[in-house]
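Here the structure is laid out as structure tokens; the discussion comes afterwards.
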Amino acid sequence: MSRVVVFNDFGGPEQQELIDRPAPEPAAGQIAIRVVAAGVNPVDWKIRQGFLGHEWALPAPMGREASGVVTAIGAGVEDFAIDDEVLGEVAPGHGAFAEHTVLRADKTVAKPEEISFADAATIPVAGATAYDVTHQIELEAGQTLLILGAGGGVGRMAAQVGKVHKFTVLGVASKSKKDLVESSGAIFVESGEGVADRVAAAAPDGVDLVVDLVGGDALRAVAPLAKDPSHVLTTADPDTARELGGAVVERTEEALEKITGVIQYGLVDPTVTARYSLDDAQQAIAAVESGHTTGKVVIEP
Ligand SMILES: NC(=O)c1ccc[n+]([C@@H]2O[C@H](COP(=O)([O-])OP(=O)(O)OC[C@H]3O[C@@H](n4cnc5c(N)ncnc54)[C@H](OP(=O)(O)O)[C@@H]3O)[C@@H](O)[C@H]2O)c1
């Protein structure tokens, strides 16, 4: 038997449960792993709430990104072998907050030795998204990138990618994240009332790209500082971004391998700030659901 966190129906955290079930088997194009670490993302509770539709078969396993050791290989998969150390995106119907799970082979890569399992578990969703938001609209060295939500899982990595490209990065976050934002080489701008004035003071010539990881009124406040309204890119709030003339991140095939390489060479630190056991998975999900975590939260079964 193998333990997994599921939600039993769409709704709040009370729907979550740690259950025992047989270890899952990989279908064609999939690989099974013993999970060593799983990254927690806002999408986990958004799926549970039903914000992404109701097509999930219930009870639905939770968690979308994981690292671990290959235990079984599905038909047609040639790039992986038993005992390989990997990181990847969880296959539909499976969950990463588990002792065993199943990954999509086409969204899995070998885990480089230099990357810990905990860091590796943050790459398939958060890391790859950080790569995509910083490459979809191309900037040149010296241009200004503003990141709204710069101290969170995606934002922390996006800020570091921006510095690798020698962009001038402005990181908007709450005061408690000042040191963290500055440690990535970004200019810290405190969030909240008056944020637009503070951004304008830090970037008097305007902003070349706004990367929004928060949405809503926080996005409305800073979006006008973009020199070109179409250079507002969101992961968090498609409706508001489009209403303001901006766009939504498009996820690419190449991101997973590219960001894994950047992290392998020590240019980006995923910044795991909290680690929970599977028994405490509910606390890990609650921490991310608060909307104010720092860096990445992982679960280690
Ligand atoms: N479409 C995709 O493929 C995709 C992939 C990954 C993530 N996402 C989405 O992208 C968003 C960010 O994901 P994440 O993993 O980075 O989330 P996260 O780790 O929870 O970070 C969110 C950050 O937002 C900050 N924040 C909250 N209110 C703010 C405000 N008013 N001004 C500035 N910052 C504020 C919080 O920091 P403070 O405590 O400092 O406020 C927190 O650090 C989520 O909506 C997620 O669902 C989409």
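Just so it is clear, none of the values below were taken in a lab; they were calculated from the coordinates. Keep in mind that what you see is a predicted model, and the values were worked out from it rather than measured. So basically every Cβ, Gly included, is an ideal-geometry build from the backbone, and we count neighbours across all protein chains shown.
Values as computed for the structure displayed
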item: Rounded to 5, the percent of DSSP beta bridges in the chain classed as antiparallel; result: 60
item: Segment residue 250-residue 116, extension gain: residue separation times 0.36 nm, minus the distance between their alpha carbons; result: 45.5 nm
item: Kirkwood Rh in Å, taken over the range 129-248 so that all alpha-carbon pairs contribute; result: 13.5
item: Between the range 255-301 and the range 5-63, the Cα center-to-center distance that results, in Å; result: 17
item: Selection from 173, 211, 143, by position along the positive dipole direction of the chain (Cβ); result: 173
item: Near-label residues of the range 107-126 by backbone N, under 20 Å of a point 7 Å along Cα→Cβ of residue 280; result: 117-122
item: For the range 129-248: lysine pairs under 24 Å (alpha-carbon distance), excluding those fewer than 8 apart on one chain; result: 7
item: Mean projected area (nm²) of the alpha-carbon convex hull when the range 202-301 is viewed from all directions; result: 8.6
item: For the chain, calculated [θ]222 nm from helices alone, where every DSSP H run of n ≥ 4 adds -39500 (n - 2.57); result: -6500 deg cm²/dmol
item: Nearest 10 degrees, 0 to 90: helix 255-264 Cα axis against the chain principal axis; result: 80
item: Point-charge dipole on Cβ atoms (K/R +1, D/E -1) for the range 26-164, about Cα centre, debye to 20; result: 540
item: Alpha carbon convex hull of the chain, volume per residue in cubic angstrom; result: 120
item: Residue-count net charge about residue 235 - beta-carbon cut-off 11 Å; Lys, Arg +1, Asp, Glu -1; result: -3
item: Exposure proxy order (Cβ contacts within 10 Å, fewest to most) of 276, 265; result: 265, 276
item: Cα-centred dipole magnitude for the chain, charges only on beta-carbon of K, R (+1) and D, E (-1), debye, nearest 20; result: 480
item: Spacing of the two label points (7 Å from each Cα toward its C-beta) at residue 269 and residue 55, in nm; result: 4.0
item: Orientation-averaged projected area, Cα convex hull of the range 1-146 (nm²); result: 10.4
